[in-house]
Amino acid sequence: MNLYLGIFGIFALFGMIAFGANVMVALGIVGFFGLMGLVGFDAALSVLSTVFFETTHSFHFTVIPLFLLMGFFALRAGLGADVYEAAHSWLGGVRGGLAISTTVAAAGFGAASGSSVGTATVFTKIALPEMLERGYDKGLASASIAIAGTLAVMIPPSAVMVIYGILTDSSIGKLLMAGILPGIVFGILLCLAIYITARRRPEVAPRSENKTSWGARIYSLRLAGPLALIVFSIIAGIYLGVFTPTEAGAMGALFTLILAIFRQRGFKGLQLPQILLDTVRTSAMIFAVIICALVFSRFLALSGLTFEIGNSLSTMDVNPWFVVFIVTMIYLVLGTMMDAPALLAISLPVTHPVMIKLGFDPIWFGVYVVLLVEIAAVSPPVGINCFVVQASSDGRVELEDVFKGLVPFLIAGAIMLLLLCFFPQLALYIPNSMR
């Protein structure tokens, strides 16, 4: 009976989402009423209050608002423009250089902001007009921005990695470190995709004839350099055990604030009250999703559904990588319809125990899943980043243009997933060598 209630809960959850219910609300309602059906009202209420207390009173959870605060400082201060200027100065003369510069700048800025959607929005405003003015194909220009935004959640600090760590009780420090090499390799693959496309079809990415002097290149690093130093310090500090991820978030927010004040020449242009309000709102939304997801996962665990699914898959007479393929398809489909926190909250109570039972490393699976949900965020027909780029383009590109230009980048994404499967040490080498 309990098992059937768990199955009914899964269908009820996706039914509510299909009819337009907020993911957080759907998770909370199904999880609470499911628990009530299993253990009664009083016990369900006790589970809800316990999960709420554990989530909001844990020291480790403060890393989320601190990383978000750091990102909002970078976004509001316009530091993305400085990073793009630096990347353009150094790489603009390469074939496909403007798009490559956008990818490199998005990786650097995304490491500070931690937001895929925010990075895509910023670089649509900064880079898209210049690429179109230089004669770049609309598809290549817009798609390169949409996919470059995904690097924000791979290279630390990454709020999505933190959410995965919270939902699966994995080491947040190791997860943040695990994204470094895959993020760098994926960025290189995206740049190669642009370069190869520009070589094969020169008309889609005209080469710039303007030469940038070495003096201008050095000058372009005046603000991008300190921002890169902040990100590097966070990564090095966590790796060496100098400070925890939470302390790293606090330091990153403080020094990004100082850099933002310098960029805006004071507090007035920074709109500090709005930044704090945005941070509180986003943090509250993420915390609410996590709380409701944990309630839902307790319901699935008590119903026995999680155990049955894991036991069935782990005892099947198939290669474990076939299960990885099934999980990959599920995430790619669902990821086109919802953002990363919501998708992780819905899926991890089922997929994480299965993968652990099959012998896969939880840190490796975290990197793999985060990459999956971000590739899904640009995949047709509903790729969220694609809608963000189109909406932020002020009518310069249509949604069809973005989708049309995605083909080489999706191929690069598929190659990256295969590299993670064939060479798991890409994700595990740095966290395994941490102090």
**Request:** Out of the residues in the stretch 196-212 that are under 10 Å from GLY135 (Cα atoms) and among the hydrophobic types (A, V, I, L, M, F, W, C), state the one that is modelled with the highest pLDDT.
**Result:** VAL204
**Message:** Just to be sure before I move on: is ALA87 under 25 Å from ALA248 (Cα atoms) and either in a helix (DSSP H, G or I) or in contact with an Asp or Glu (Cβ under 7 Å, 6 or more places away or on another chain) (or both) in the structure I sent?
**Reply:** no
**Where LEU332 falls short, out of the listed (1) at pLDDT below 80; (2) closer than 30 Å to PHE422 by Cβ; (3) not basic (Lys, Arg)** = (1)
**Item:** Enumeration of residues in the stretch 381-391 that are surrounded by fewer than 19 Cβ atoms within 10 Å (Cβ to Cβ) and in contact (Cβ under 8 Å) with a residue 40 or more places away in the chain
**Value:** PRO381, VAL382
**Unmet criterion (only one of (1) exposed (fewer than 15 other Cβ atoms within 10 Å of the Cβ); (2) in the same structural domain as GLY40 (by TED's automatic domain parsing)) for LEU277** = (2)
**Message:** Being among the aliphatic types (A, V, I, L, M), under 16 Å from THR306 (Cβ atoms) and over 27 Å from the mean Cα position of the chain (by Cα) is the filter here; which residues of the stretch 1-38 pass it?
**Reply:** LEU3, LEU5, ILE7, LEU35, LEU38
**Prompt:** Which condition number in (1) crowded, with 16+ Cβ neighbours inside 10 Å; (2) modelled with pLDDT of 85 or more; (3) outside any loop (DSSP other than H, G, I, E, B) is the one that ILE184 fails?
**Reply:** (1)
**Message:** Looking at ALA198, ALA228, ALA224, ALA250, can you tell me which residue is over 30 Å from PHE409 (Cβ atoms) and of a type in the set (Gly, Ala, Ser)?
**Reply:** ALA250
**Any hit, the stretch 142-155, residues being farther than 19 Å from SER379 by Cα, assigned to a helix (DSSP H, G or I), at pLDDT below 85 and over 10 Å from the mean Cα position of the chain (by Cα)** = no
**Asked** What tally of residues in the stretch 331-358 results from selecting those that are within 18 Å of the chain's Cα centre (by Cα), hydrophobic (A, V, I, L, M, F, W, C) and surrounded by 15 or more Cβ atoms within 10 Å (Cβ to Cβ)?
**Response** 11
**Message:** Given the options ASP361, ASP394, name the one that is modelled with pLDDT of 90 or more and charged (D, E, K, R).
**Reply:** ASP361
**Prompt:** Right, THR279: under 26 Å from the mean Cα position of the chain (by Cα), over 20 Å from MET161 (Cα atoms) and not hydrophobic (A, V, I, L, M, F, W, C) or not?
**Reply:** no
**Request:** Please state which one of VAL389, VAL402, VAL397 is assigned by TED's automatic domain parsing to the domain that holds TYR195, among the aliphatic types (A, V, I, L, M) and part of a loop (DSSP other than H, G, I, E, B).
**Result:** VAL397
**Message:** Which pairs turn up if I take residues in the stretch 296-323 that are in the same structural domain as SER49 (by TED's automatic domain parsing) and part of a helix (DSSP H, G or I) and look for partners that are surrounded by fewer than 15 Cβ atoms within 10 Å (Cβ to Cβ) and small (Gly, Ala, Ser) with beta carbon separation below 7 Å, at least 6 apart in sequence or on another chain?
**Reply:** none
**Message:** Here is a list: GLU374, GLU398. Which entry is acidic (Asp, Glu) and more than 20 Å from VAL327 (Cβ to Cβ)?
**Reply:** GLU398
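The values are calculated or read from the model by the stated rules, or taken from the named source; none is laboratory data. As the structure is a prediction and not an experimental result, all values here were calculated from the model. Note that we place each Cβ from the backbone using ideal geometry, even for glycine, and neighbour counts take in every protein chain shown.
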